[in-house]
Amino acid sequence: MEMPHFFVASQSLRNGVLNVASGLFMVVLWLTRLHPTPSVDAKFFAALLPVALFHTVGHIAAVVSFSQMAVSFAHIVKSAEPVFSVALSGPLLGVSYPWYVWASLLPIVAGCSLSAMKEVSFAWNGFNNAMISNLGMVLRNIYSKKSLNDYKHIDGINLFGLISFASLLYCLPAALVLESGTWQAAWQAAATKAGQKATLQLLLWGGVFYHLYNQLSYMVLDQGISPVTFSVGNTMKRVAVVVSSVMFFRNPVSPLNWAGSFIAIAGTYLYSLATDRFTAEKKKAAAAEKKQQ
């Protein structure tokens with residue numbers, strides 16, 4: 001299934017539409033009091049802006065990547081996000097990871113490399129954008145820890161909603177400046193190929209499912225489930241995305257592709273277990289040190 005040209009030509013606009021959908025969803029929740037309205041000030045929004053910037057870059061780069069090569073392979077490349085996280089946490093957060101966390105990255109790198117060897121849809125532009133997406137998402141997480149540490153009273157659902165609003169401030173100017181000249185031709189191409197109604201439905205449902213996916217992720221984290229349980233769920237999510245995208249788009253996948261894909265996915269699970277162990281050891285050491293004082 002080929003992506004309508006409108007989505008390929010207007011990445012910032014498309015991401016903006018998704019953010020609008022997320023924002024409207026949150027407004028409904030706040031107005032109907034189904035979810036408490038967050039109490040924020042100008043200082044909070046100043047801290048939120050860099051987080052939203054990296055969030056926006058990460059999602060736009062991911063959308064571009066999906067338009068350039070197979071969705072299944074793009075997700076395998078995106079499974080390399082922990083490599084950026086470990087590499088950047090040292091200089092930006094002062095976190096020094098033990099050897100077993102670094103070792104857990106090896107199957108991720110090996111799996112991505114193995115999967116790329118026989119990937120029919122491989123394109124450097126798509127690969128580079130998937131890596132830029134990884135970098136953007138890691139920087140978003142790092143700056144969330146650095147900038148939003150004083151706002152832990154804002155729950156995950158509200159935080160994502162506010163990030164969506166802030167991201168819109170970046171998407172709309174970028175779309176107007178960089179893409180406004182392509183909108184009419186791109187829309188006509190999409191409407192001719194898929195029909196106006198189908199194109200609007202794709203935009204609408206893309207925004208709804210994009211929001212629900214993120215909202216449910218934040219809800220799960222707020223429920224206080226164990227890190228291992230979340231790691232298992234996150235790993236199975238990636239398996240489901242890869243398998244379903246292959247079935248839906250019918251892109252050819254060789255046995256080497258499958259092997260590399262599942263090695264990389266298994267590596268992300270091992271990384272999650274390793275970082276959970278590291279966090280537990282840090283808490284145990286801190287508790288022991290406090291007890292001695």
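The values are calculated or read from the model by the stated rules, or taken from the named source; none is laboratory data. Keep in mind it's a predicted model, so treat the numbers as computed, not measured. As a convention, Cβ positions derive from the backbone with ideal geometry for all residues, glycine included, and neighbour counts pool all protein chains shown.
For this structure, a couple of remarks:
- Meets criteria (in a helix (DSSP H, G or I) and under 26 Å from ALA52 (Cα atoms)) for LYS145: yes
- When the range 94-103 is limited to residues that are in a helix (DSSP H, G or I) and not aromatic (Phe, Trp, Tyr), the one that is surrounded by the fewest Cβ atoms within 10 Å (Cβ to Cβ) turns out to be ALA103.
- One residue from LEU24, LEU53 being over 30 Å from GLY126 (Cβ atoms) and not polar (S, T, N, Q): LEU24
- Yes/no for LEU139 being closer than 23 Å to VAL241 by Cα and buried (at least 21 other Cβ atoms within 10 Å of the Cβ): no
- Residue, nearest to ASN257 (Cα to Cα), within the range 40-93, restricted to residues that are outside any helix (DSSP H, G or I) and either in contact (Cβ under 8 Å) with a residue 24 or more places away in the chain or aliphatic (A, V, I, L, M) (or both): ALA70
- Listed conditions (1) of a type in the set (S, T, N, Q); (2) over 21 Å from ALA21 (Cβ atoms); (3) touching a Ser or Thr at 6+ places or on another chain (Cβ under 8 Å) are all met by SER133, apart from (2).
- Single condition PRO107 does not satisfy, out of (1) farther than 28 Å from VAL241 by Cα; (2) touching a Phe, Trp or Tyr at 6+ places or on another chain (Cβ under 9 Å); (3) in a helix (DSSP H, G or I): (1)
- Selection within the range 117-128: residues that are hydrophobic (A, V, I, L, M, F, W, C), in a helix (DSSP H, G or I) and touching a residue at least 60 places away in the same chain (Cβ under 8 Å). The member of this set that is nearest to SER72 (Cα to Cα) is PHE127.
- Reported count of residues in the range 104-125, each being exposed (fewer than 14 other Cβ atoms within 10 Å of the Cβ) and over 22 Å from the mean Cα position of the chain (by Cα), is 2.
- The helices (runs of 4 or more DSSP H) falling completely within the range 176-293 that include 2 or more residues that are among the hydrophobic types (A, V, I, L, M, F, W, C) and modelled with pLDDT of 80 or more map to 196-222, 227-249, 255-292.
- With respect to the stated conditions, LEU114 fails to be touching a helix residue (DSSP H, G or I) at 6+ places or on another chain (Cβ under 9 Å), assigned to a helix (DSSP H, G or I) and more than 16 Å from ALA70 (Cα to Cα).
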